[in-house]
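Here is the structure we will look at, set down as structure tokens.
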Amino acid sequence: MASNANQDPIGNLKDKLRSLLGRQDSPKQKDRLPSKAHFSLWYFVFIMLFLSYLQQFYFSAKVETIPYSQFKQYIAQDAVNQLTIGPESISGTLKGKKNSAGKAERFTTVRVNDPDLVKDLDDHKIGYSGHYESKFLSSLLSWIIPLLIFFLIWRFAMKKMSTGMGVMSFSKSNAKIFAESDTKVSFADVAGIDEAKEELQEVVEFLSTPEKFQKLGGRIPKGVLLVGPPGTGKTLLARAVAGEAKVPFYSISGSEFVEMFVGVGAARVRDLFSQAAAQAPCIIFIDELDALGKARGMNIMGGHDEREQTLNQLLVEMDGFETNKGVIIMAATNRPEILDPALLRPGRLDRQVLVDRPDINGREAILEIHSKNVRLSPDVDLRQIAGRTPGFVGADLANIINEAALLAARNNKEMVELSDFDEAIDRVVAGLQKKSRVMNAHEKKIVTFHESGHAIVAESVEYADPVHKISIIPRGIAALGYTQQQPTEDRYLMTRSQLLDRLAVLLGGRVAEELVFEEISTGAQNDLQRASDIARSMVTEYGMSDRLGLVSYERQRQPMFMPTGFSPAANYSEAKAAQIDEEVERFVEEAHQRVRKILTERRSVLDDLAHLLSEKESVQGEELRKMLASAKIGMAN
Ligand code: ADP
Ligand code: ZN
Ligand code: MG
């Protein structure tokens, strides 16, 4: 039973979920470099045809094979002529017999050991000659052809492997390097990350007019690292830079190196850089750099040698590059903190550009870009959709548009309507609707009161976001129901009162259960976890506790200089730890009492709302506000 309080600066579960599900679009396969002429079955067919032709030719003269005894008889009868005696066979013509072509018919027989043969022939005055039988053709057939066939099969198999798995191409690594001479993406296709775009404008200018910069001798950044959560458009942005500057775009993904044979990764990096150098000015883009650029020596099991080799090669290539050649290295990561510090040194990826989640204007612009080819009904207001999706990244928004269009198509609509967007957002937010799941009556009752509790508290405290929708339709695996709050604006800072109000909203569900059933369920587990996270952060990070004062007891971790698995030691004493725990407890308990008071005063609304919810399964925030107004209950203090 998650309360969907949005824009939560602390442990936002939704965020984590989204980053877990974060999709990384891989570059399209279409733009590969040309591969070598590829082997085909036609070779085999050709060879087979050739062989059968040869055979036809060789044996074309019809020859009758006769037993040796009959041959001896023919000699006795003087019926043979023009003998050719080879080491293994004797052939000749038969006297008196003519074949269809009018020639004397030929015969052959297998030679047996017969010392009297020559004497017999001389007696009957039959002409004969010796013949040395060439072994050439038979050895060709028995030796060379099978070898040839084996060789061809081997080549065929190698080819198959190297294209199929990308691991056998030791010498040439073109297979996985994507080169686009024209990315067809421009800055107009990227929205909501204007600051990043501005910073990259300089790179574009440099790439399109390198002479101008070389003349003045200014130092151009050699490498640019794009940093930001998954789906914010880092890959898209890098391609847009290439598109804007109209230069070739060489890209390779860090994750592809991980499963390679030793030495291949390093060779590939070398190849990438030498190919790019020939094409300057151009961009080399290393996507998902974290897979490759993890700090060396962090692996307790002795390290991933291949990865380290590849990383070392990358560092070497970066150093060996003259920026003035007009090659700019770009890389993207969503985990800059685990990167090897060597990568970030001056002369390497020394400029970092933050690609952050878009704000409401940015979200609107992104929605506009992606709905360009979608027929929207006039009731769809992209601004309003942007308002309902704080924290969403570009990829999520593209996904919503796509889902909405699919839903509309499934319902045979002419245009995509607002209701389709509602459902698409619900799906993306809380997983797919699971209509088939049935709750028993008692469970359902608990959930209705729980969610009503969240909603009423949210509407009764001053700083909570207004409720957009309350629903008990089960979604996904964990959430039995949810209360969706709609922030009126984006927030970058939160005050103490806002945090306390958020704490209250989170406890609302649990307290409602307490009041109504005088018993509690497990459904509030996630709420309580988030509530304690907020309370703890208020005490240890934000210095909001009067008793502990302005000291920060928690530091942002910097594992860049520390192997993973070693968490920083607590920088406070045991006694302080106990005090912190006490303070956290006090914050939560005070919020608890406050919420109890709020809900006790609004008990009638709680009952009505729960009733309405069990009937309709979902209630709009507007209805709740009306109920509260008619009950003449205002804000709580
Ligand atoms: P990242 O590399 O940061 O994980 P991508 O660049 O792969 O994100 O984004 C995935 C897709 O999401 C893009 O192809 C694009 O369709 C959409 N998208 C993401 N961010 C934006 C943005 N700022 N503007 C427009 N579309 C975006
Ligand atoms: Zn809840
Ligand atoms: Mg990406």
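The values are calculated or read from the model by the stated rules, or taken from the named source; none is laboratory data. Every value quoted in this text rests on a predicted model; they were computed, and no experiment measured them. As a convention, Cβ positions derive from the backbone with ideal geometry for all residues, glycine included, and neighbour counts pool all protein chains shown. Note: areas computed on protein heavy atoms with side chains; ligands, DNA, RNA excluded. Shrake-Rupley method; radii C 1.70, N 1.55, O 1.52, S 1.80 Å.
Brief remarks on what is shown
- Listing of helices (runs of 4 or more DSSP H) fully contained in segment 184-288 that carry 3 or more residues being touching a residue at least 40 places away in the same chain (Cβ under 8 Å): 194-208, 234-245, 264-278
- Inter-residue pairs, beta-carbon under 8 Å, first closer than 26 Å to residue 342 by Cβ and in segment 562-582, second modelled with pLDDT under 85 and open to solvent by 70 Å² or more (accessible area, probe 1.4 Å), 6+ apart: 563/300; 565/300; 567/557; 568/555; 568/557; 568/562
Here's the yes/no breakdown for (1) more than 16 Å from residue 351 (Cα to Cα); (2) modelled with pLDDT of 85 or more:
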site	(1), (2)
246	yes, yes
258	yes, no
291	yes, no
306	yes, no
315	no, yes
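- Condition check for residue 330: farther than 14 Å from residue 191 by Cα, assigned to a helix (DSSP H, G or I) and in contact with a Gly (Cβ under 9 Å, 6 or more places away or on another chain): no
- Pairs with Cβ under 9 Å, 6+ apart, first in segment 397-409 and over 17 Å from residue 232 (Cβ atoms) and in contact (Cβ under 8 Å) with a residue 40 or more places away in the chain, second within 16 Å of ligand 3 (Cβ to nearest atom) and assigned to a helix (DSSP H, G or I): none
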